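Readers should treat all values here as calculations from the given coordinates under stated rules, not as data from a laboratory. This structure is a prediction, so every number in the text was calculated from the model and none was measured. All Cβ positions, even for glycine, are placed from backbone atoms using ideal geometry, and neighbour counts span all protein chains on display.
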Amino acid sequence: MLVARDRTNSAMVSAVLPSRKGVDISAVLSHRLKKDSVLITDGATAYRQVARDRGVEVRAVPANPKKKAP
């Protein structure tokens, strides 16, 4: 399950993905990410590749607060 929200206009998108692979995430997010976007994630490595491909900043918020984000 992928849920994304644009804070500037409260637009939301949700999708059930076949996997957590970058290609599946990118299919949903890539056309929505602008150059000034900041992609906030759970730290899954696939998001870093999506961010690199789109040229946007990526930040991870770990699910476990005792762990540091990559």
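For LYS66, a cut-off of 20 angstrom between C-alpha atoms picks up these aspartates and glutamates, skipping any fewer than 8 places away in its own chain: ASP42. Along the axis of the charge dipole computed for the chain (Cβ charges of +1 for Lys and Arg, -1 for Asp and Glu, origin at the Cα centre), the listed residues THR45, LEU2, VAL28 are led at the positive end by THR45.
Here the relative contact order of the chain, from alpha carbon pairs under 8 Å that lie six or more residues apart, stands at 23 percent.
Provide the FRET efficiency to the nearest 0.05 for the HIS31-ARG52 pair, computing r from the beta carbons and using R0 = 25 Å.
Rounded to the nearest 0.05, the efficiency is 0.95.
Full extension of the chain between LYS66 and ALA15 yields a length gain of 15.5 nm, computed as 0.36 nm times the residue separation minus the alpha carbon distance. Counting every C-alpha pair in the chain, the share spaced more than 16 angstrom apart comes to 47%. Calculated mean residue ellipticity at 222 nm for the chain: -7500 deg cm²/dmol, from DSSP H runs with n ≥ 4 weighted as -39500 (n - 2.57), summed, divided by the residue count and rounded to 500. Close amide H partners of VAL58, meaning residues 5 or more places away or on another chain with modelled amide H under 5 Å apart, are LEU39. If the segment from ASP6 to ILE40 were pulled out straight at 0.36 nm per residue, it would be longer than the present Cα-Cα gap by 11.1 nm.
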